[in-house]
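These notes are about the structure you will find just below.
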Amino acid sequence: MAIEISPRTKIKITIWTMAAGVVLAILLLGLLVSYFYFFFNIKKIDQQIQEKTLAVAPLERAIKEKEKELIPLSEKIKDFDKLLTERKNILNIFAFLERVCLPKVWFSKFEFDAEKRGVVISGKTDNFATLDQQVSILKQEPLLENFNISEVSISKEGEGIAFILLLAFNISIFE
């Protein structure tokens, strides 16, 4: 038996097939290079994020501590604001007393009661006639809702009349 050697047939590769293979190889190489590039960049960015997070942690703690300090202050400011908006302007009471009181009537004690919108005033005058005139003036005042005079007595020194006035004011005096 004789061995015959047959010539190999050459595979013909067209230029288009060769170009497509080269382009495919370049694209595959580009894909691998970009994969490793992004992989290492992501690791580098993750490391930077961790470093920044560690750097920011003390600042966050400091911010929380300051917030703990500021919250009570904020509540105090709100409470103070409430006090200011709901306060009664008692200076008008002093102007009222200055306007309606006779020259021979003077006061030694003043107590303000916000709930009753009134004042308790200890006063003194020369005689009963002056006290009667003062009571007449107070009766004519529209800013007074009610008034009461009590504990009228001759002073200990014997030099005048001591009394206590209870004045209840209309709400408009506080505006």
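Some notes on this structure:
- Conditions (1) in contact with a Leu (Cβ under 8 Å, 6 or more places away or on another chain); (2) at pLDDT below 80; (3) closer than 15 Å to Ile93 by Cα: number failed by Val119: (2)
- Thr53 vs. criteria among the hydroxyl-bearing types (Ser, Thr, Tyr), surrounded by 10 or more Cβ atoms within 10 Å (Cβ to Cβ) and at pLDDT below 85: no
- Take the conditions (1) modelled with pLDDT under 90; (2) among the aromatic types (Phe, Trp, Tyr); (3) part of a helix (DSSP H, G or I); Tyr35 misses just one of them, which is (1).
- Condition check for Glu98: acidic (Asp, Glu) and farther than 30 Å from Leu131 by Cα: no
- Filtering Ile121, Ile149 for residues that are touching a residue at least 40 places away in the same chain (Cβ under 8 Å) and in a strand (DSSP E or B) leaves a single hit, Ile121.
- Scanning segment 65-100 for residues that are farther than 24 Å from Val119 by Cβ, loosely packed, with under 10 Cβ neighbours inside 10 Å and either of a type in the set (A, V, I, L, M, F, W, C) or modelled with pLDDT of 90 or more (or both) yields one hit, Leu73.
- Test for Pro58: is it loosely packed, with under 10 Cβ neighbours inside 10 Å, free of Cβ contacts under 8 Å to residues at least 24 places away in the same chain and under 30 Å from Glu151 (Cβ atoms): no
- Single residue of Ile63, Ile93 found to be free of Cβ contacts under 8 Å to residues at least 60 places away in the same chain and either closer than 30 Å to Leu165 by Cβ or not assigned by TED's automatic domain parsing to the domain that holds Gly118 (or both): Ile63
The values are calculated or read from the model by the stated rules, or taken from the named source; none is laboratory data. Here the structure is a predicted model, which is why all the values come from computation and not from measurement. Glycine gets a Cβ as well: all are built from the backbone with ideal geometry, and neighbour counts include every protein chain shown.
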